[in-house]
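Working notes, beginning with the structure itself.
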Amino acid sequence: MLKRERWVLPAGGKWRLGPGPRAALRNSRRLRGATGHILKDLEVAKLGDSDVHIKMLAAPINPADINMIQGTYAILSELPAVGGNEGVGQVVEVGSCVTSVKPGDWVIPADAGLGTWRTEAVFPEETLLRVPGDIPVLCAATLSVNPCTAYRMLADFETLQPGDSVIQNAANSGVGQAVIQIAKAFGIRTINVVRDRPDLPKLVERLMSLGADHVITEEMLRKPDMKDLFKSIPKPRLALNCVGGKSATEMLSRLLACAEWKCILVSVSLFLQSAFIFKDVKLRGFWMTQWKKDQMHNKDSLKSMVESLCELVRKGQLTAPACTEVPLEDYRTALEASMKPFTSSKQILIL
């Protein structure tokens, strides 16, 4: 009897069926909501010599996943495709030429676009990366996107030393929570900017418990007395922006007195031109997917980073973001919840 897997797929529009482990149905038009999806049983592909059969354990729903379905992300999987770029699975069987993993190992995607919202699948060995099985499953499932992004932004753009400080907006995001924890582990202080909201005290308490040194709202950042905060701590040498617009501009305006400043830009936004001309502000963009693609010829840097992050997890210095575990059958609820404003809990599909 053929094995079958269950995949979450966009519904409606024009459909087509493709061969191999990625045989699936996918909507070819842009989807604006989270209701146009189906859960479908499909045959698991035949195991090749260089393939790995895995059973997926858990997979989060990230904003980029929604953007890919909507057709607005920088990369779009070739049709047909399965949703999900991140998750963790357990190896069930390996092909005769596979050497990097064995049955029982845990694996995560080595790159984006793998399609993780499914119960099981067969993937080429080179698309997977082994992770230790002694870390919590939610940590493993959420390891390859946000923590990796935070790690690279803190490591690659400025030589930070213990006692230095960084400032970031969207500090309650998955990346923001990882920045707080990794920076704390490295002895780096963080100033964390969030949007005002009804449950602000609860959010501040959570971010402080993760290791945040200061948590302020965008409205507080605009007030003149904020200059006292920047006098009491080392001037941030690094600013991380994933919001754009007024939030990024206000953050920049508070840093114009710094001798040297860099911004890691995740979402392109409007900045004060005078800052670049008169203050020698340096602006850099960063996209984790591109960094991974640049490492595919030699995965040593990727493996080293993942090992470092897993060690932080073991030490209790890095945890998964606030998560809501959702059975696969309730995927519609998870998709809708992930698109609501002021979402502080990441939806995790339990597979």
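The values are calculated or read from the model by the stated rules, or taken from the named source; none is laboratory data. All values derive from a computational prediction rather than experimental measurement. Cβ atoms come from the backbone with ideal geometry, glycine included; neighbour counts cover every protein chain shown. Side chains included, ligands, DNA and RNA excluded: accessible areas come from the protein's heavy atoms. Shrake-Rupley method; radii C 1.70, N 1.55, O 1.52, S 1.80 Å.
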Problem - Entries in Lys55/Lys299; Lys40/Lys346; Lys102/Lys292; Lys40/Lys292; Lys202/Lys292 that, when Cα-Cα distance is taken, lie over 26 Å - result: Lys40/Lys292; Lys202/Lys292
Exercise for the section: Could you size up the charge dipole of region 116-227 around its Cα centre, putting +1 on the beta carbon of Lys and Arg and -1 on that of Asp and Glu, and report it in debye to the nearest 20? Expected result: 300
Exercise for the section: For His297, His214, write out the residues from largest to smallest accessible area, computed with a 1.4 angstrom probe and no ligands counted. Expected result: His297, His214
Fill in the blank from the handout: Sorting Trp117, Trp106, Trp287 on solvent-accessible surface, 1.4 Å probe, most exposed first, gives Trp287, Trp106, Trp117
Handout entry: For Thr190, distant residues with modelled amide H under 5 Å away
Key = Val166, Asp213, His214
